[in-house]
Amino acid sequence: MKLFPDAVSSKLPNTGTSIFAVMTQLAREHDAINLSQGFPDFSVSPVLIELVAKHMRAGHNQYAPMPGVPALREAIAVKTAELYGADYHPETEITVTAGATQAIFAAISAFVRDEDEVIVFEPAYDSYIPAIRLNGGTPITCELKAPDFRIDWEEVRRLICNRTKMIIINSPHNPSGSILRKEDLLELEKMVKNTGILILSDEVYEHIIFEGQVHESVCRYPLLAERSLVTCSFGKTFHATGWKTGYCVAPANLMKEFRKTHQFMVFCSNTPVQHAIAEFLQDSGHYGGLGPFYQEKRDYFLKALEGSRFSYTPAGGTYFQLLNYKTISDKDEMDFAQWLAKEHKVAAVPTSSFYNKPNNNYLLRFCFAKSEKTLLEAADILCKI
């Protein structure tokens, strides 16, 4: 079909297909072990699967209420209060979404206007900046420095101006696995006091945190919580990323605006899955042990890499581990990732894809949410390079 010359004018001219889709496709083409995209290769709890089937059989197959099934919103309120001491009203302050990425997009769409500035910490999850641009905003990037990827708050202070509408934080952090500490949240609290700046806190890995450390949710800090939208993911928590079910909590005045956008994006998310998760959440053990569970996998993977030429700082959270290949090759990250998938049959994600501008730290992100068999096979290959 022939198009008129000006028929298509891209709103994201410099954005291509997500790096996760690209590397997963490359893994398929070359029959490589896929440690690139962040999804487990082990089963969802059979109890949860049966709960979904039960609610399908019970007839819960039509549209859910726009904000989410009431029982699930109530369960989220209980969970949030127990974990963080924060009270969110299930009727007005909690919305179930079609995954956390949809929640992030809805939050940005609801509040960011033309020429508003949004501070983003790089490396950053790849949906933030496109969502800002699609809504007319301007992303202002602040680089986290390897190897610890801590925030330089003095630099943030210099970036804030009268056009700053929002600051996006992510802890535990994808892709680095670093975590925000109490002093970070207190610094952020001081920085935004007496301003109109909103916080969008991406906390999808809230339960996957290691070494007995505590997840410092913004929900713990009332002066931050009053200006924050917090997004979370049941897909990450319950090993069911394909179900695309997450949620957002925020004060009623912010949630009112969030829902105006949410309703026209998806209206609601999967009904039987919502009912099933509401029941599953009654037992906090279904998510309370995730930290030790994934720390064991991280440690298994790193022990299997002993003797390899890769170097690393153990991830503090998430189910991702960065490996530095500087002593192996001087290729840039994308070239090395492609070479690794094609020639050695292990797929990973270059961290350069998490930056707005070209960046090369000789780092690849590997997902260790895999079976021990998968991790050992991948590590054996990596140790031979």
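One residue stands out in the stretch 259-279 among those that are aliphatic (A, V, I, L, M) and surrounded by 23 or more Cβ atoms within 10 Å (Cβ to Cβ): the one that is nearest to K244 (Cα to Cα), namely V273.
Sub-9 Å Cβ pairs linking a first residue in the stretch 223-241 that is outside the structural domain of T101 (by TED's automatic domain parsing) and in contact (Cβ under 8 Å) with a residue 12 or more places away in the chain to a second residue that is surrounded by fewer than 23 Cβ atoms within 10 Å (Cβ to Cβ) and in a helix (DSSP H, G or I), at least 6 apart or interchain, number zero.
Of all residues in the stretch 217-258, exactly one satisfies the criterion of being among the charged types (D, E, K, R), buried (at least 18 other Cβ atoms within 10 Å of the Cβ) and under 19 Å from M166 (Cα atoms), namely R227. Consider the stretch 344-385 and keep the residues that are in contact with a His (Cβ under 9 Å, 6 or more places away or on another chain) and not β-branched (V, I, T). The one that is nearest to K236 (Cα to Cα) is A369. Of the residues that make up the stretch 152-164, is at least one in contact with a strand residue (DSSP E or B) (Cβ under 8 Å, 6 or more places away or on another chain) and among the aromatic types (F, W, Y)? No, the stretch 152-164 contains no residue that is in contact with a strand residue (DSSP E or B) (Cβ under 8 Å, 6 or more places away or on another chain) and among the aromatic types (F, W, Y).
Within the stretch 99-120, the only residue that satisfies the criterion of being among the small types (G, A, S), under 18 Å from A21 (Cβ atoms) and not in a loop (DSSP other than H, G, I, E, B) is A100. One residue stands out in the stretch 258-311 among those that are under 21 Å from the mean Cα position of the chain (by Cα) and outside any helix (DSSP H, G or I): the one that is farthest from N324 (Cα to Cα), namely C268.
Here S311 fulfils each of the conditions (1) in contact with a strand residue (DSSP E or B) (Cβ under 7 Å, 6 or more places away or on another chain); (2) surrounded by fewer than 17 Cβ atoms within 10 Å (Cβ to Cβ); (3) within 27 Å of G16 (Cβ to Cβ) apart from (3). From the list A71, A100, A86, A77, the lone residue that is at pLDDT 95 or above, among the small types (G, A, S) and surrounded by 21 or more Cβ atoms within 10 Å (Cβ to Cβ) is A100. Residue-level check: of (1) more than 23 Å from the chain's Cα centre (by Cα); (2) of a type outside the set (F, W, Y); (3) in a loop (DSSP other than H, G, I, E, B), V52 misses just (3).
Per this entry, I381 is not counted among residues that are in a loop (DSSP other than H, G, I, E, B), among the β-branched types (V, I, T) and at pLDDT 95 or above.
A count restricted to the stretch 121-167 and to residues that are in a helix (DSSP H, G or I), surrounded by fewer than 21 Cβ atoms within 10 Å (Cβ to Cβ) and not hydrophobic (A, V, I, L, M, F, W, C) stands at 6. Residues of the stretch 238-265 that are charged (D, E, K, R) and more than 24 Å from Y205 (Cα to Cα): K256, E257, K260.
Candidates A71, A75, A27: the one that is in a helix (DSSP H, G or I) and in contact with a Ser or Thr (Cβ under 8 Å, 6 or more places away or on another chain) is A27. Among residues of the stretch 256-281 being in contact with a Ser or Thr (Cβ under 8 Å, 6 or more places away or on another chain) and among the β-branched types (V, I, T), the one that is farthest from L134 (Cα to Cα) is I277.
Being at pLDDT 95 or above, outside the structural domain of T374 (by TED's automatic domain parsing), out of contact with any strand residue (DSSP E or B) (no Cβ under 9 Å at 6 or more places or on another chain) and of a type outside the set (D, E, K, R) holds for only one residue in N14, N61, and it is N61. Applying the set (1) touching a Pro at 6+ places or on another chain (Cβ under 8 Å); (2) at pLDDT below 95 to K370 leaves exactly one unmet item: (2).
The values are calculated or read from the model by the stated rules, or taken from the named source; none is laboratory data. Here the structure is a predicted model, which is why all the values come from computation and not from measurement. Here the Cβ is made from the backbone with ideal geometry for all residues, glycine too, and neighbour counts use every protein chain on show.
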